[in-house]
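A.B. asks: Here's a structure for you.
The values are calculated or read from the model by the stated rules, or taken from the named source; none is laboratory data. Computed from a predicted structure; not experimentally measured. Positions of Cβ are generated from backbone atoms using ideal geometry, with glycine treated the same way; all protein chains shown enter the neighbour counts. Accessible surface areas use protein heavy atoms only, side chains included; no ligands, DNA or RNA. Shrake-Rupley method; radii C 1.70, N 1.55, O 1.52, S 1.80 Å.
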Amino acid sequence: MTTKIFNSPVSRRLLILIAGDLIIVNGSVFLSAILRLGLSDGWDYIRNNPVSFVLTGIVFIFTFLFAELYDTRKDFKSIGNIMSITFASASALIITTFLFYINWSLRIGRGVFIINGLLIAVFIIGWRTLYSYLLDQPLFKKNVLIVGAGWAGKTILQEINKAKKAGLKVAGFVDDNPQKKESSIEGLPVFGDRYTLPVVIRQNDISLIVNAITHEKHADLIKTLINCSWNGIEIVDMPTLYEQLTGKIPFKHINDMWMLHVVISKPKLYGKLVKPLVEILFALILFVLLLPAMMIIALLIKMDSQGRIFYTQERVGKDGKEFTIIKFRTMVENAELTTGAVYTSDNDPRITKIGKFLRKWRLDEIPQLLNVIRGEMSLMGPRPERHVFIREFEEKIPFYTQRLAVKPGLTGWAQVKYPYASSIEQTEEKLQYDLYYIKNMSFLLDFVVFLKTIQVVLFGSGK
């Protein structure tokens with residue numbers, strides 16, 4: 001019994017941000033040609049070079065995406081983000097120049113090209129600054145009421161406060177616990193119980209109610225929330241809003257029925273047919289292209305320490321089926337001979353010198369392309385885990401086995417959002433990202449994971 005605060009997993013704010021960028025990129029193209037060549041000749045120039053200008057726009061948009069400039073929670077008025085926009089614009093110009101030199105027929109005149117780049121950078125900075133300024137105004141903020149002042153209510157309040165650009169302002173709480181009445185949580189009042197909802201909504205101009213009750217809801221509360229929904233108040237449950245704000249699913253606040261609803265409602269065509277075919281083809285191409293790099297890595301491993309080049313291990317895949325994973329060896333030979341199966345920790349003495357480098361840049365994962373080609377893994381998905389750890393996690397972490405509903409991945413949403421897990425607490429955190437990926441698996445999300453993986457590899461933000 002919820003309505004989404006956003007019409008789709010992609011928020012309206014993100015769509016507005018992208019639309020504004022597209023208008024600026026296209027408008028700058030037109031304006032740069034006119035400034036350089038005049039109105040008539042400029043218009044003719046654009047009509048004669050449509051592919052070149054479209055390519056320029058695409059490069060700018062994807063460069064901004066790669067630079068994480070489509071995170072709607074960022075304050076684009078800050079100096080740091082203005083510098084990021086400037087750097088991304090300069091990078092897009094360099095990439096576009098490189099593409100034009102590859103295909104000389106696509107090139108744009110130097111004068112038009114430089115003016116276009118400068119206009120885009122200036123207008124984008126101005127547009128993003130205006131965007132952040134507008135979001136700070138009360139007119140663009142929704143007043144939020146949280147129903148439930150327990151763990152879930154406090155948790156979603158913290159996430160709303162972190163997401164300053166989400167356009168949400170919490171007015172307070174409603175809770176049936178008489179001990180919490182007229183108290184405060186982090187400076188916000190608990191107005192009363194479920195019977196005070198209509199009055200609280202009217203007095204505080206509430207436009208969004210977050211249902212953060214973990215236990216079974218009283219029939220009177222459900223009836224009141226339904227009436228609120230009919231009267232135009234948006235109703236969203238805590239896991240849905242938490243998911244939209246963080247890119248994670250709070251597994252401590254969901255139940256089996258919630259997960260069943262996700263599985264039933266999830267479209268199956270992409271995950272069962274499109275994704276496997278595309279990934280196997282892409283893995284074959286990548287494997288061939290990376291063969292020279294793999295030969296160099298193999299040589300460095302041999303020179304660095306005694307032992308095998310590759311490391312193989314039994315892992316658990318989709319539906320609990322075991323398979324043999326293959327990686328470049330990053331530890332000393334027989335690293336677990338005396339310790340048994342243990343977590344890999346920061347500065348683990350078992351990791352070799354070249355192993356640290358390979359792990360930092362995630363290059364040790366390259367041989368797993370063979371697992372993808374064999375159909376045992378996907379390019380994107382939850383990381384495959386060892387059976388001994390899965391048994392432990394199943395006992396301690398709710399919904400951990402849901403990771404086995406899809407093929408494990410060479411990279412994934414959890415991997416690009418969170419470093420290697422070396423404890424139960426960190427594994428719980430990564431599980432929230434894995435559940436988000438499983439629930440929202442799509443071509444768009446896979447593409448975002450792909451871009452972020454490239455960022456990890458290029459900037460060495462692995463561990």
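A.B. asks: Roughly how many Å is it from the Cα centre of segment 416-463 to that of segment 350-374, as a whole number?
C.D. replies: Using only Cα atoms, the two centres lie 16 Å from each other.
A.B. asks: Sorted by packing (mean other beta-carbon atoms within 10 Å per residue), highest first, where do 143-156, 121-134 land?
C.D. replies: 143-156, 121-134
A.B. asks: Show the residues, 5+ positions off or on another chain, whose built amide H is closer than 5 Å to the amide H of residue 385.
C.D. replies: When sequence neighbours closer than 5 places are left aside, the close amide H contacts are 316.
A.B. asks: Within the chain, what's the longest stretch lacking GluC sites (Glu not before Pro) that sit in DSSP loops with no more than 10 other Cβ atoms inside 10 Å?
C.D. replies: Of all site-free stretches, the longest is 217-463.
A.B. asks: List the pair-distance distribution P(r) of the chain, using every Cα-Cα distance, as the percent of pairs falling in each 10 Å bin from 0 up to the bin containing the longest distance, rounded to whole percents.
C.D. replies: 4, 17, 23, 23, 19, 11, 4, 0
A.B. asks: Oh, and also: Residue 315: net charge of surrounding residues, Cβ under 14 Å, Lys/Arg +1, Asp/Glu -1, itself excluded?
C.D. replies: Neighbourhood net charge equals +3.
A.B. asks: Can you give the calculated 222 nm mean residue ellipticity of the chain, where each DSSP H run of n ≥ 4 adds -39,500 (n - 2.57) and the sum is split over every residue, rounded to the nearest 500 deg cm²/dmol?
C.D. replies: Taking each H run of at least 4 residues, the total per residue is -17000 deg cm²/dmol.
A.B. asks: What do you get when you divide the Cα radius of gyration of segment 156-291 by 2.2 N^0.38 Å, with N the number of residues?
C.D. replies: Taking the Cα Rg and dividing by 2.2 N^0.38 Å, one obtains 1.47.
A.B. asks: Okay, next question. Under 5 Å between amide H atoms, partner at least 5 residues away or on a different chain: which partners does residue 397 have, H built in plane at 1.01 Å?
C.D. replies: So residue 397 has HN proximity to no qualifying residue.
A.B. asks: Please report the relative contact order for the chain, taking Cα pairs under 8 Å with a sequence separation of at least 6, and give it as a percent rounded to a whole number.
C.D. replies: Value for the chain: 12 percent.
A.B. asks: Provide the FRET efficiency to the nearest 0.05 for the residue 334-residue 62 pair, computing r from the beta carbons and using R0 = 60 Å.
C.D. replies: Computed FRET efficiency for residue 334 and residue 62 comes out at 0.85.
A.B. asks: Quick check for you: with a 1.4 Å probe and neighbouring chains kept, what is the accessible area per residue of segment 348-459, in Å²?
C.D. replies: Using a 1.4 Å probe on heavy atoms only, each residue of segment 348-459 averages 41 Å².
A.B. asks: Going by average Cβ density within 10 Å per residue, which order do the peptides 167-179, 281-293 take, highest to lowest?
C.D. replies: 167-179, 281-293
A.B. asks: Where does segment 61-198 land on Rg(C-alpha)/(2.2 N^0.38 Å)?
C.D. replies: Compared with the compact-globule rule of thumb, segment 61-198 sits at 1.60.
A.B. asks: Let me ask something additional. Per residue of segment 82-91, what does 6.51 cos²θ - 1.76 cosθ + 1.60 with θ = phi - 60° give for ³J(HN,Hα)? Whole Hz please, x for Gly and Pro, Karplus curve as stated.
C.D. replies: These are the phi-based 3J(HN,Hα) values: 5, 5, 5, 5, 4, 5, 5, 5, 5, 5 Hz.
A.B. asks: Nearest 0.05, what FRET efficiency do residue 274 and residue 324 give at R0 = 35 Å with Cβ-Cβ as r?
C.D. replies: Taking R0 as 35 Å, the efficiency between residue 274 and residue 324 is 0.85.
A.B. asks: Count neighbours as other Cβ atoms within 10 Å of each site's Cβ, and list the trypsin sites (Lys or Arg not before Pro) in segment 234-289 that are DSSP loop with at most 11 such neighbours.
C.D. replies: 268
A.B. asks: Turning to a different aspect of this structure: What is segment 174-270's relative contact order, in percent, from Cα pairs under 8 angstrom and six or more apart in sequence?
C.D. replies: 18 percent
A.B. asks: I'd like the FRET efficiency for residue 220 and residue 179, computed as 1/(1 + (r/R0)^6) with the beta carbon distance as r and R0 of 22 Å, rounded to 0.05.
C.D. replies: 0.65
A.B. asks: Determine the distance separating the Cα centre of segment 387-403 from the Cα centre of segment 12-89; give it in Å without decimals.
C.D. replies: 46 Å
A.B. asks: Now, a different point. Report, by chain and number, residues whose modeled amide H sits under 5 Å from the one on residue 168, excluding near sequence neighbours (fewer than 5 apart, same chain).
C.D. replies: 142
A.B. asks: To two decimal places, what compactness ratio does segment 371-463 give when its Cα radius of gyration is scaled by 2.2 N^0.38 Å?
C.D. replies: Rounded to two decimals, the normalised Rg is 1.05.
A.B. asks: If you take every DSSP beta bridge fully contained in the chain, what fraction is antiparallel? Give it as a percent rounded to 5.
C.D. replies: Here the antiparallel bridges make up roughly 40 percent for the chain.
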